[in-house]
Amino acid sequence: MTEETPQPVQPEQSASVPDTSAPDTSVPDAPAQNTSAQDAHDAAEHEPLTVTYERLRHSDDPAELGEFARRPLPDRGDAAAFSRATALLEAVAGNLHTDVADRVFLAETMPFPNVLVKLSVDPDPSVREAVARNKADKNWLVGRLTKDDVDEIRDVALRNPNTSWKMRMEGAEDTRNGADILDYLSRFGVDDDMSGPAVLTSMIRRAVALNPNTGADTLARLADDPSEEVRHAVERRNATNDNGR
């Protein structure tokens, strides 16, 4: 009998063992894309209000501040966004690194007391004058500016229709005020387009008559005023002038 030659046993290949003999040519996963500019903007919009407020309050970047100053306000229907925007405008308005032109823009266009209060004490007279001219002012706010140290600002504030009768009275008495604004005040209650309570307007015209800065033409008109008190004030003023000669 012929003896068979034994065949060598081949090792079994396990399906679970990977073949590492060939180099790995697979492509790694692509890294996540960088956050877009819009995403960054959205992130800033949703950061805590106090964080953004303090950044703007202390910012020394006029471009950043100007962008916030000129940014259109959200719709009032979105109460949270609208409230946030007006709060941030307060920070921008109070920051003197905001360009004067942007502060004047806010002073002319904003109806919000929290913003206008900041601007009403601005060291630049052009900003305070813009606040004084703003017809959205509350009477107590424009009243502050009727007492400003700058003549032009007092003049503009006293012409603002929201100025209170009390402030007009005090303006008529203020000896810092000149003949032009006194003549304007002297027309309350007598000109058709400057009506008001008879007692209050008469008191204003009387105060104008007694102010030493009132011009001769204004006095001559007030001498024929419908109010007896005003006419007597003119007589008293003329008598004082005659005695001072």
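The values are calculated or read from the model by the stated rules, or taken from the named source; none is laboratory data. All values derive from a computational prediction rather than experimental measurement. Here Cβ is always computed from backbone atoms with ideal geometry, including for glycine, and neighbour counts include all displayed protein chains. Side chains included, ligands, DNA and RNA excluded: accessible areas come from the protein's heavy atoms. Shrake-Rupley method; radii C 1.70, N 1.55, O 1.52, S 1.80 Å.
Of the set (1) more than 17 Å from residue 108 (Cα to Cα); (2) open to solvent by 60 Å² or more (accessible area, probe 1.4 Å); (3) modelled with pLDDT under 95, all apply to residue 224 but (3). Per the conditions (1) over 18 Å from residue 70 (Cβ atoms); (2) buried (at least 17 other Cβ atoms within 10 Å of the Cβ), the sole criterion not satisfied by residue 135 is (2).
The set of residues in region 37-79 being exposed (fewer than 15 other Cβ atoms within 10 Å of the Cβ), assigned to a helix (DSSP H, G or I), of a type in the set (Gly, Ala, Ser) and modelled with pLDDT of 90 or more consists of 63, 79.
Has region 180-198 got at least one residue that is over 32 Å from the mean Cα position of the chain (by Cα), within 24 Å of residue 163 (Cα to Cα) and assigned to a helix (DSSP H, G or I)? Yes.
Kindly indicate whether residue 118 is part of a loop (DSSP other than H, G, I, E, B), under 30 Å from residue 176 (Cβ atoms) and open to solvent by 10 Å² or more (accessible area, probe 1.4 Å). Considered against the rule, which asks whether it is part of a loop (DSSP other than H, G, I, E, B), under 30 Å from residue 176 (Cβ atoms) and open to solvent by 10 Å² or more (accessible area, probe 1.4 Å), residue 118 comes out as no.
Of all the numbered requirements in (1) within 34 Å of the chain's Cα centre (by Cα); (2) open to solvent by 70 Å² or more (accessible area, probe 1.4 Å), residue 204 misses one, and that requirement is (2). Scan region 80-102 for residues that are open to solvent by 70 Å² or more (accessible area, probe 1.4 Å) and aliphatic (A, V, I, L, M) and the total you get is 2.
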